[in-house]
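For reference, the structure is listed below as structure tokens.
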Amino acid sequence: MATLTYREAIRAALSEEIERDPNVVILGEEVAQFNGAYKVTEGMLEKYGPKRIVDTPISEAGFIGMGIGASMLGIRPVMELMFWSFYSVAFDQIVNNAANVRYMSGGQIACPIVIRGPANGGTNVGATHSHTPENVLAHHPGLKVVVPSNAADAKALMKTAIRDNDPVMFLENTLLYGVPGEVPEGDITLPFGRAAIAREGKDLTIVSYGRCVVHSLAAAEKMKAEKGLDIEVIDLRTIRPLDVATVLKSVAKTHRVLIVEEQRPFCSVGTMLAATIQEEAFDELDAPILRVGTIDAPAIYAPPVEKQFQLPNPERVVAGILKVMR
Amino acid sequence: MSKKPSASADTGAAPAVTPSRPSPHAQAPANAALSAEQKIELYRKMVRIRRFEERCLPVYNAGKIGGFLHLYIGQEAVAVGACSLMGKDDHVITAYRDHGHAIAVGMDTKPLMAELYGKVTGCSKGKGGSMHYFAPDLNYWGGHGIVGGQVPLGTGLAYAVKYQGKKGAAMAFMGDGAVNQGAVHEAYNLAALWDLPVLFVIENNRYSMGTSQERSSAGELAKRAEAYEMKWYVCGGHDIYEVRATLDEALRRAREENKPAVVEIDTYRYRGHSVADPDKTYRDRKEIEDYRNTKDPLQVFQNQLVLENVLTDALITEIDTAARAEADRAVEFAEASPFPTAEDIQKDVYWETDQPQRTSEGRIFFNSVE
Ligand SMILES: Cc1ncc(C[n+]2csc(CCOP(=O)(O)OP(=O)(O)O)c2C)c(N)n1
Ligand SMILES: [Mg+2]
């Protein structure tokens, strides 16, 4: 085990994959000379040179489309979006080309591209820079969607993503980049679609992913201390594929579900989960499934308001738990 | 000058083009190097494209082809000329008006017709339709329905060729309307900035749907290349020799010096934008007739090859008859083929789920109640 930050863990995965496979190339705005807007790729240009670590102009549609085209011929581009928020200008390339080209060609083409970058609010950068599009991306068959919550998962899932022959959307979090964690050494991968039980419990199941797992764990500890509740926290790790079995198994044990997500509730990932749980485990439920998500408005700038009210946080998760337990 | 050809290459009653002079491009290196057989093959391909597409019309009108059908009739010399220059590491990608390029790269017309029918024997197993033909084994990367969206992909093909150290180039085709898409300009910049071996080939047929070039684009289309310090060419698309001469030079520069370029080829479509376009509001019938009568690419090349003593009346008739029969066989094949099944719907979505063994776990498809 080594202690690495989430950022270092991703960098380690990128570096190991660059060394393993000559077709892996990293492209994005400021990834090379500037060392990455969030320093994920720091030092990599120096180490691997300009063929492997490539600065692009500010042309998300152009360079993501280019990466998709290159991947059709066997290159394995890892494209950095400085913020996932900027996916909107490359949306056509992602949903029409990356997601559809295999299907429309009757399975003749594979598109092994990874698109990665941070997707989160909570940094007071306003509505244009705070999108969390995992629900939008997962809506498109053909795409895989990964949202790691900690350093070890980030590394293992990134390695899986780069080796995957389908387009993988990898959503990171600027507020997690500096968070350290124990990361197993060596060539460790993690299959997509395998959730983690981040905390075992019997009284209620929280289904979460990404940084909301951190909030959920904090709330669970508080509930243990204050109310003696044993709360199970599931970290989905990947949104598509989705580990439905682990969720249903937990529901059969706790009979109560709270979904915690950094998503506005309308057509969120949690909406999908709630629908699936009630379709497949209705009889197991002792209470309605509730969700703690983002307050339904564009991301507000006002720093304390975004943090305390608009986004999920441990206090809001506690309130949600108490409501489900009522 | 020449004998009157026995079979008019264009449909129906269009009068034959009278060549006033041989093609000035016949002696360009790319064309001078062609054998008689190769010339006949080029002509045959153009005829096969036209007969195939003409055969689509009654089938469409009988309701057997769904959705859109964008015919390439009138533009055949562009795709055939361009694709005839492809080497093993050259690649091509285009928009939805893609039947011509498909036949030009060597695709069999049976699966092409079956694709229009939505049959499982189609080139995309009935999953793509008219706008989404693909043959990666022939370096043909589609067939794309979003105007301009394929241009970054074509740039990526060039990026991959260069990255892997191969001496090849990509040709990214687009229409005159596509030049106004932002993605196209982003691709131009990337290609020029990084010296990618890609040709941006604009098939200027003067209209994007019902909007003429004058009503949609400021300035000259190819000249926009200058902003990116790319070389640009404009050439006629009625004379396959001219298409080949121009693209041959541009392709050599791309392959040998990694230099991208914009190549605008003047051409014309005889039919509506798609078969659903009544074609009554935005252009004169006379404009269409004038082009057909003077510049029809099949007739122009037929005349040229007669002049060169490469084509004879008998051969012209034979090629035409064979192309019609081929189109009929394609229809028979499509008719006789089955549709994909309900189970086929969720195949070919992910590479992973098409393999015998899943590599990931969990649920990857989400279905409502059956
Ligand atoms: C992004 C986008 N906008 C609009 C359309 C609808 N559309 C399809 S073809 C077309 C005209 C394009 O004309 P041009 O690029 O000149 O190609 P041509 O049809 O003449 O071959 C339009 C507007 C589309 N498919 N994609
Ligand atoms: Mg046009």
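Here are the numbers for the structure shown:
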| quantity | calculated |
| --- | --- |
| Any hit, the stretch B:218-225, residues being surrounded by 18 or more Cβ atoms within 10 Å (Cβ to Cβ), within 14 Å of another protein chain (Cβ to nearest Cβ) and either hydroxyl-bearing (Ser, Thr, Tyr) or within 16 Å of ligand 2 (Cβ to nearest atom) (or both) | no |
| Odd one out for residue A:88, checked against (1) open to solvent by 40 Å² or more (accessible area, probe 1.4 Å); (2) within 13 Å of chain B (Cβ to nearest Cβ); (3) closer than 28 Å to residue B:168 by Cα | (3) |
| Residues located in the stretch B:270-284, provided they are among the small types (Gly, Ala, Ser) and open to solvent by less than 40 Å² (accessible area, probe 1.4 Å) | B:272, B:274 |
| Residue match in the stretch B:92-99 (condition: polar (S, T, N, Q), open to solvent by 10 Å² or more (accessible area, probe 1.4 Å) and within 25 Å of residue B:159 (Cβ to Cβ)) | no |
| Residue match in the stretch B:174-181 (condition: more than 13 Å from chain A (Cβ to nearest Cβ), closer than 16 Å to residue B:92 by Cα and open to solvent by 20 Å² or more (accessible area, probe 1.4 Å)) | yes |
| Strands (runs of 3 or more DSSP E) (entirely within the stretch A:165-215) containing at least 2 residues that are more than 23 Å from residue A:231 (Cβ to Cβ) | A:168-172, A:180-183 |
| Neighbours by Cβ (under 9 Å, 6+ apart or cross-chain): first from the stretch B:83-95, under 12 Å from residue B:168 (Cβ atoms); second basic (Lys, Arg) | B:85/B:244; B:87/B:167; B:87/B:255; B:88/B:166; B:89/B:166; B:89/B:167; B:89/B:255; B:90/B:255 |
| Candidates B:228, B:188, B:207, filtered to the one that is within 16 Å of ligand 1 (Cβ to nearest atom) and within 14 Å of another protein chain (Cβ to nearest Cβ) | B:188 |
| Residues located in the stretch B:259-269, provided they are open to solvent by 10 Å² or more (accessible area, probe 1.4 Å) and in contact with a helix residue (DSSP H, G or I) (Cβ under 6 Å, 6 or more places away or on another chain) | B:259, B:264 |
| Boolean, residue B:163 is touching a Phe, Trp or Tyr at 6+ places or on another chain (Cβ under 7 Å), away from ligand 1 (no atom under 16 Å from the Cβ) and either of a type in the set (Ser, Thr, Tyr) or at negative phi (or both) | no |
| The stretch A:184-193, subset in contact with a helix residue (DSSP H, G or I) (Cβ under 8 Å, 6 or more places away or on another chain) and surrounded by fewer than 24 Cβ atoms within 10 Å (Cβ to Cβ), residue farthest from the other protein chains (Cβ to nearest Cβ) | A:184 |
| Selection within the stretch B:324-370 - aromatic (Phe, Trp, Tyr) and either in contact with a Lys or Arg (Cβ under 7 Å, 6 or more places away or on another chain) or open to solvent by 70 Å² or more (accessible area, probe 1.4 Å) (or both) | B:333, B:339, B:351 |
| Pick from the stretch A:204-221, criterion out of contact with any helix residue (DSSP H, G or I) (no Cβ under 6 Å at 6 or more places or on another chain) and away from chain B (no Cβ under 14 Å), ranking: surrounded by the most Cβ atoms within 10 Å (Cβ to Cβ) | A:212 |
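Yes/no matrix, rows are residues, columns are (1) of a type outside the set (Lys, Arg); (2) in contact (Cβ under 8 Å) with a residue 60 or more places away in the chain:
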{"position": "A:192", "(1), (2)": "yes, no"}
{"position": "A:205", "(1), (2)": "yes, no"}
{"position": "A:211", "(1), (2)": "no, yes"}
{"position": "A:215", "(1), (2)": "yes, yes"}
{"position": "A:247", "(1), (2)": "yes, no"}
{"position": "A:257", "(1), (2)": "yes, yes"}
{"position": "A:268", "(1), (2)": "yes, yes"}
{"position": "A:291", "(1), (2)": "no, no"}
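This table checks each residue for (1) under 23 Å from residue B:323 (Cβ atoms); (2) within 8 Å of chain A (Cβ to nearest Cβ); (3) open to solvent by 20 Å² or more (accessible area, probe 1.4 Å).
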| site | (1), (2), (3) |
| --- | --- |
| B:104 | yes, no, no |
| B:111 | yes, no, yes |
| B:114 | yes, no, no |
| B:122 | yes, yes, no |
| B:126 | no, yes, yes |
| B:144 | no, yes, no |
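The values are calculated or read from the model by the stated rules, or taken from the named source; none is laboratory data. Just so it is clear, the model here is predicted, and its values are computed rather than measured. Counting neighbours? That spans all protein chains shown, and the Cβs are built from the backbone with ideal geometry, glycine included. Accessible surface is based on the protein model in full, side chains and every heavy atom, while ligands, DNA and RNA are left aside. Shrake-Rupley method; radii C 1.70, N 1.55, O 1.52, S 1.80 Å.
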